[in-house]
1. So what's the back-of-envelope 222 nm ellipticity for the chain, counting only DSSP H runs of four-plus at -39500 (n - 2.57) apiece and dividing by all residues, rounded to 500?
2. Rounded to whole Hz and in sequence order, give me ³J(HN,Hα) for the range 63-68 from the Karplus expression 6.51 cos²θ - 1.76 cosθ + 1.60, θ = phi - 60°, writing x for Gly and Pro.
3. Of all trypsin sites (Lys or Arg not before Pro) in the range 83-184, which ones are in loop regions per DSSP and have a Cβ with at most 13 other Cβ atoms within 10 Å?
4. Calculate how large, on average over all directions, the projected area of the Cα convex hull of the chain is; give the answer in nm² to one decimal.
5. Work through the residues other than ALA164 whose Cβ is under 13 Å from its Cβ and net out their charges, Lys, Arg +1 and Asp, Glu -1.
6. Considering only DSSP beta bridges with both partners in the chain, what is the antiparallel share in %, to the nearest 5?
7. Considering only ALA62, GLY51, LEU35, whose Cα is most displaced toward the positive end of the charge dipole of the range 11-89, charges sitting on Cβ of Lys, Arg (+1) and Asp, Glu (-1)?
8. Determine the dipole magnitude for the range 94-182: charges of +1 sit on the beta-carbon of Lys and Arg, -1 on that of Asp and Glu, nothing else is charged, the reference point is the Cα centre, and the result goes in debye to the nearest 20.
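Nothing in this text is a laboratory measurement; each read-out follows from the coordinates by a stated rule. Bear in mind that the values here come from a model prediction, so they are computed numbers and not experimental data. We place every Cβ from the backbone using ideal geometry, glycine too, and count neighbours over all the protein chains shown.
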Amino acid sequence: MASAKKQPAATRHVALLRGVNVNGITIKSAELKALFVELGFGGVRTVLASGNVLFDSDESAASLRTRIEQALRKRFGYDAWIVLLTRKSMADIAAAYPFERIDDERHPYIVFGSDKAMLDEIMEKTGEVDPDTERLERGKGVLYWQCPRGESLETPVAKLLGKARYKTSTTTRNLRTVEKLLAD
């Protein structure tokens with residue numbers, strides 16, 4: 001009797017959508033989840049209303065990213081860009097956060113990037129940041145950033161990250177959001 005060939009286990013992925021539920025691009029979590037289910041992914045779960053989707057797939061990352069971006073563009077009619085990671089790589093990134101995790105005066109952020117050169121360019125353009133105002137450090141596929149509460153749109157790093165040049169390759173998440181994604 002021939003034994004059935006065991007299928008490889010699907011990998012848990014995290015899709016971080018850029019620019020969702022800001023600047024007039026509104027996507028409801030239920031609609032986003034439905035799209036990922038229609039794409040054939042398993043274990044689909046959205047977290048918060050800022051474009052965070054967990055799902056299972058055994059496809060290659062390059063194939064997934066292209067397919068998801070195209071489906072988002074078609075369904076929701078906007079210029080969709082995502083950063084795609086495995087859940088494990090996201091956990092490693094969060095564990096490596098180099099600054100204080102709990103600081104009453106500063107927000108902890110991770111800037112995720114799909115283009116190493118863009119992250120390097122951001123680091124180069126920011127030069128030396130004033131550690132009394134904000135902190136920025138390069139990590140593996142990310143930038144770790146910490147800025148004063150209430151100033152996450154006003155600091156020199158924030159203004160640089162907001163430039164259109166980086167919209168196709170970066171997206172920022174608060175460390176607490178990342179930890180919620182990892183609690184899945």
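1. It lands at -9500 deg cm²/dmol.
2. 5, 4, 4, 4, 5, 5
3. Counting only loop positions with at most 13 other Cβ atoms within 10 Å, the trypsin sites (Lys or Arg not before Pro) in the range 83-184 are ARG101, LYS140, ARG149, LYS163.
4. With every direction weighted equally, the projected area is 12.1 nm².
5. Around ALA164, the charge tally is +4.
6. Taking every DSSP beta bridge within the chain, about 100 percent pair in antiparallel fashion.
7. GLY51
8. My answer is approximately 520 debye.
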